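One structure is given here, and the rest of the page talks about it.
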Amino acid sequence: MNKVLFSSVSKKFTMALAGLFLLLFLPVHLAINLMLLKSDPEPFKKAALFMASFPLIKIIEIALFAMILIHISWGIFLQIQNWLSRPVGYAGGNRSETSFFSKFMIWTGASVLTFLVLHFFNFYFIKLGFVEGDPEDFYSVAHNLFKIPAYNYIYLACFILLGLHLFHAFSSAFQTLGLNHRIWTPVVNAAAWVYAICIPAGFAFISITLWLFR
């Protein structure tokens, strides 16, 4: 039983479920962040207050952190396992058929992790009182951060890499869950492209607008 629970297949299955949960969260986060573009801070503040105080959101927040930890830890474990299983590189023409996105998944994932640490430091840790700042005025916190060119460079670079990560994550999650179909798989792949472009583009639009036009 333990071998089944802790096998590579079960880890990939768990990672896929965790990844899909995170994929559902990003559009919600983007929708709230788009309120930063309003000149009136009240809509964003009300949304942020709702997210911080509504009991159901608290439960979802715990689940979200659990999914992030599972996705990251299993991803790192499986990648190390893959490296150890192939300690010697392929010779000559005997090359791996692994896709470009899959080969660099660990590195695009590392960029997402870097952004998460930065994001937590600038926002969530303020909420917890670990970092100085006003937890009731994240509108001003965000606007002040986006006035810093270096922050925007890091933010935009991370979201470009996030797009690459999201495309493979979206399509491979359905494959891992065994939802392959000659008709629906191309549809899923097309949806993966749309998702992987639109979500990072939305966050990038907020960054560029607040940086250059506000």
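Read the figures in this text as sums done on the coordinates, not as results from a lab. For clarity, every value in this text was computed on a predicted model and none was experimentally measured. Reconstructed Cβ throughout: ideal geometry from the backbone, glycine too, with neighbour counts over all protein chains shown.
Sum -39500 (n - 2.57) across every DSSP H segment of at least 4 residues in the chain, then divide by the residue count to get the 222 nm mean residue ellipticity, nearest 500.
Values: 10 runs with 161 residues, N = 214.
Mean residue ellipticity, 222 nm, calculated: -25000 deg cm²/dmol.
At q = 0.30 Å⁻¹, what is the log10 ratio I(q)/I(0) for the stretch 27-86, with the Debye formula run over Cα points and no solvent?
Log10 I(q)/I(0), no solvent term: -1.12.
Computed from these coordinates, which is Rg and Dmax of the Cα atoms in Å: (i) 17.4, 53; (ii) 18.6, 55; (iii) 19.3, 62?
(iii)
Over all directions, how big on average is the projection of the convex hull of the alpha-carbon atoms in the stretch 102-165, in square nanometres?
Values: hull surface 18.5 nm².
Seen from a random direction, the Cα hull of the stretch 102-165 projects 4.6 nm² on average.
Report the one residue of 138, 198, 17 whose Cα lies farthest in the direction of the positive end of the charge dipole of the chain (charges on C-beta: Lys and Arg +1, Asp and Glu -1; origin at the Cα centre).
17
For a protection proxy built on the mean count of beta-carbon atoms within 10 angstrom, sort 123-132, 104-113, 149-158 highest first, please.
Values: 123-132: 13.2, 104-113: 18.0, 149-158: 15.1.
Output ranking for 123-132, 104-113, 149-158: 104-113, 149-158, 123-132.
Taking the stretch 152-214 on its own, what percent of its Cα-Cα pair distances exceed 14 Å? Intermediate results must be reported in sequence, preceding the final value.
Values: 1161 of 1953 pairs.
The calculated P(r) of the stretch 152-214 puts 59 percent of pairs beyond 14 Å.
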